[in-house]
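One structure is given below, encoded as structure tokens.
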Amino acid sequence: MNYDDILAKLAELRNKGVKVPEDRMIKTPEQIEGIRKASLVNSKVLDAVEAKIRPLMTTEEIDQIVHCTSIELGGYPAPLGYEGFPKSCCTSINEQVCHGIPSKNDVLVVGDIVNVDCTTKVNGYYGDASRMFIIGGKTDPKHERLIKVTKECLDKAFAAIVPWETTLGDIGYIINKHAKQNGFSVVEEVGGHGVGLELHEDPFVMHVGKKGQGMLIVPGMVFTIEPMINEGKRHVFIDASNDWTIYTQDRSYSAQWEYTIAVFDDHCEILSK
Ligand code: MF3
Ligand code: CO
Ligand code: CO
């Protein structure tokens, strides 16, 4: 189905009262190709982090790897200066849920679990992904399970998407169900988002939800899924000293994985992971 046919079908469904994305949330094939290129660079930046991350490294050094690799590969680290964010990526350690700010004072030690979240801008287009790392390769089995289950939440949600059938509510339902079944909880205040022409676009992608509810997922949509799963309770707070970093209220450990995905006629693709 071409771009115009998608918009026509959306208008038809909208008239019938179906909750569908607005036209501005549908990307053209050219835009998707641009986002695909940015996403390839985005994944390579994370590969560079993965190759170099090790015990006794500071999160400032991770930031430098992200900054340098992004620019070497013809891109730009989009977080830098985004709404005043001071660094090129987010590094969230242990009980930090997301938006951890890289610092020369934060030394990664064996057993730490850290999420590195990179967004890369290339030729005006954005790709956004994050991965978990276990420093030194080994940690408490409970944290290992948290990381594994969080990845499964993301993979299950992605695998369930059938264009014109699945809704954003289904995605949240699947993630929350799998997290709960494993004794974990899902952060609700932060979520996935449309991405591609900006870092954060509509729609907001909740990681909890009801089956069949919310916006229909249709071809031309590009968005992230990025569940944040806590070992303890779901509640979080923002660090008042920097107004960015989100922590678990109960100081339990938290994990997150993020993909940028694109929806096509009859399938869905991971653009960056
Ligand atoms: N990459 C983050 C996300 O997944 C956004 C980071 S914005 C920043 O949405 F300013 F905190 F870097
Ligand atoms: Co994101
Ligand atoms: Co991100």
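The values are calculated or read from the model by the stated rules, or taken from the named source; none is laboratory data. Bear in mind the structure is a predicted one, so any value in this text is a computation, not a measurement. Backbone-built Cβ (ideal geometry, glycine too); neighbour counts: all protein chains shown. These accessible areas exclude ligands, DNA and RNA; they are computed on the full protein's heavy atoms, side chains included. Shrake-Rupley method; radii C 1.70, N 1.55, O 1.52, S 1.80 Å.
Points to keep in mind about this one:
- When the charge dipole of segment 3-272 is built from unit charges on Cβ atoms (+1 for Lys and Arg, -1 for Asp and Glu) and taken about the Cα centre, the candidate among Gln31, Ala129, Tyr76 whose Cα reaches farthest toward its positive end is Ala129.
- Neighbour net charge for Ser70 - beta-carbon separation under 11 angstrom, K R +1, D E -1: 0
- Using alpha-carbon coordinates, inclination of helix 3-15 to the longest axis of the chain, degrees: 80
- Relative contact order of the chain, taken over Cα pairs closer than 8 Å and 6 or more residues apart, is 22 percent.
- Principal axis dimensions, segment 129-273 - Cα atoms, whole angstrom, descending: 42, 32, 30
- Protein-only accessible surface order, largest first, of Arg36, Arg131 at 1.4 Å: Arg36, Arg131
- A simple charge model with +1 on the Cβ of Lys and Arg, -1 on the Cβ of Asp and Glu and nothing else charged puts the dipole of segment 1-138 at about 220 debye relative to its Cα centre.
- For segment 3-272, a simple Cβ point-charge model (Lys and Arg +1, Asp and Glu -1, everything else neutral) yields a dipole of about 680 debye relative to the Cα centre.
- Label-to-label distance for Glu50 and Gln213 is 3.6 nm, based on points extended 7 Å past Cα in the beta-carbon direction.
- When the charge dipole of segment 86-174 is built from unit charges on Cβ atoms (+1 for Lys and Arg, -1 for Asp and Glu) and taken about the Cα centre, the candidate among Val149, Cys89, Thr166 whose Cα reaches farthest toward its positive end is Cys89.
- Whole-Hz couplings from phi, Karplus 6.51/-1.76/1.60, listed for segment 241-253; x for Gly and Pro: 6, 10, 6, 10, 5, 9, 10, 6, 4, 8, 6, 6, 6
- Angle in degrees between helix 59-72 and the longest Cα principal axis of the chain, rounded to the nearest 10: 50
- Packing, taken as the mean count of other beta carbons within 10 Å per residue, orders the peptides 185-198, 14-27 from highest to lowest as 185-198, 14-27.
- Charge dipole (debye, nearest 20) of segment 191-273; +1 at Cβ of Lys and Arg, -1 at Cβ of Asp and Glu: 440
- Over 32 Å between alpha carbons, listed pairs Lys37/Lys138; Lys104/Lys148; Lys16/Lys151: Lys37/Lys138; Lys16/Lys151
- Think of it as helices only: each DSSP H run of n ≥ 4 in the chain is worth -39500 (n - 2.57), and spread over all residues that comes to -10500 deg cm²/dmol at 222 nm.
- Rounded to whole Hz, the Karplus (6.51, -1.76, 1.60) HN-Hα couplings of segment 255-268, x for glycine and proline: 10, 8, 10, 9, 10, 9, 10, 10, 9, 10, 3, 10, 7, 10
- Efficiency of FRET from Cβ geometry, Asp202 and Tyr3, R₀ 25 Å, rounded to 0.05: 0.85
- Across segment 208-223, rounded Karplus estimates of 3J(HN,Hα) from the backbone phi angles (6.51 cos²θ - 1.76 cosθ + 1.60, θ = phi - 60°) give 10, x, 10, 3, x, 9, x, 5, 5, 8, 9, x, x, 7, 10, 8 Hz, Gly and Pro being marked x.
- Residues listed by number, segment 190-225, amide nitrogen under 15 Å from Leu13 label point at 7 Å toward C-beta: 203, 212-223
- Ordering of 53-59, 69-75 by packing [mean C-beta count within 10 Å, highest first]: 69-75, 53-59
- If you wrap segment 3-272 in the convex hull of its Cα atoms and look at it from every side, the mean projected area works out to 13.4 nm².
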